[in-house]
Amino acid sequence: IIFSSISQDELKKNIKKESTNLRELRANRIGSFITVVGIVVRVSEIRPFLQVASYACEECGNEVYQKVNSKVFLPLTECKSETCVRNKSIGKIFLNTRSSKFVNFQEIKIQEPPGDVPPGHVPRSINVFCFGNNVNKCTSGDIIILSGIFLPNVASGNNMSFKGRLIHDTYVECYNIVKTKGTSNKLKLGLTKDDEEVIARLGKERKSIYNMMANSIAPEIFGYEDVKKALLLLLVGGQNK
């Protein structure tokens, strides 16, 4: 109802203005709802995620349910139904996968756009957990606007060191994904007419453009022209993906 009079393009622009840079995610944002813009660099396969575990008791024949709120859970070992509690019997239970509830789960990894990366820095990335209808909404190379909750990743295992762990990895539990137009290979460069004239002029100088571009990269490599030319060919060569 609120966005009924706003077009999709205007809505995406407003979301981008309110989005948070991946570099600005700190400990004070844990548990809060965030919106980030990023490039999808990895998409896992869709797998079933156990949401409600169902157990059948051999003693009383009743079903016991356990709600799962994390990726790791401790299965029940004793029946807690009213019949077993009243009879004070310890019934053995086993997991019944047919009556358990599963939802679709997919893990993706997003990276900050090239325009948000400071010069000389490595792009930041974060893992995203998608459930239910949010799976299979994007592929590698897509630019998405993602909304979710910024959470710490609880370590799994029986080792005693996990209980007193102080440093945690973080992830985003996805609630909505908006796919923008185009991919990372089709971003608008925003070239002006002066830039186009310079590119056209340099394109005509085919003999000197090779040496000019090689001398314009890697200023810390001095005196090794062959190495700089090899780096240039590695940057602009290869197969489009």
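The values are calculated or read from the model by the stated rules, or taken from the named source; none is laboratory data. Only a predicted model underlies this, so the values are computations on that prediction, with no experimental measurement involved. Cβ placement follows ideal geometry from the backbone for every residue including glycine, while neighbour counts extend to all protein chains displayed. All accessible areas refer to the heavy atoms of the entire protein, side chains included, with ligands and DNA or RNA removed. Shrake-Rupley method; radii C 1.70, N 1.55, O 1.52, S 1.80 Å.
General remarks:
- Distance between the modelled labels on Thr192 and Phe73, one decimal in nanometres: 5.9 nm (7 Å Cα→Cβ projection).
- FRET efficiency, Ser140 to Thr83 (Cβ-Cβ, R0 35 Å, nearest 0.05): 0.10
- Difference of contour (0.36 nm per residue) and Cα-Cα distance, Ser216 to Lys204: 2.5 nm
- Difference of contour (0.36 nm per residue) and Cα-Cα distance, Asn62 to Ile46: 2.5 nm
- Accessible-area value, Glu196, 1.4 Å probe, nucleic acids and ligands omitted, Å²: 100 Å²
- Residue list for segment 61-87, given a label point 7 angstrom along the Cα-to-Cβ vector of Phe131 and an amide N cut-off under 18 Å: 65-75
- Sequence of Phe150, Phe102, Phe73 from largest to smallest accessible area, 1.4 Å probe: Phe102, Phe73, Phe150
- Between Phe94 and Glu225, the distance separating the two model label sites (each 7 Å from Cα on the Cα→Cβ line) works out to 7.8 nm.
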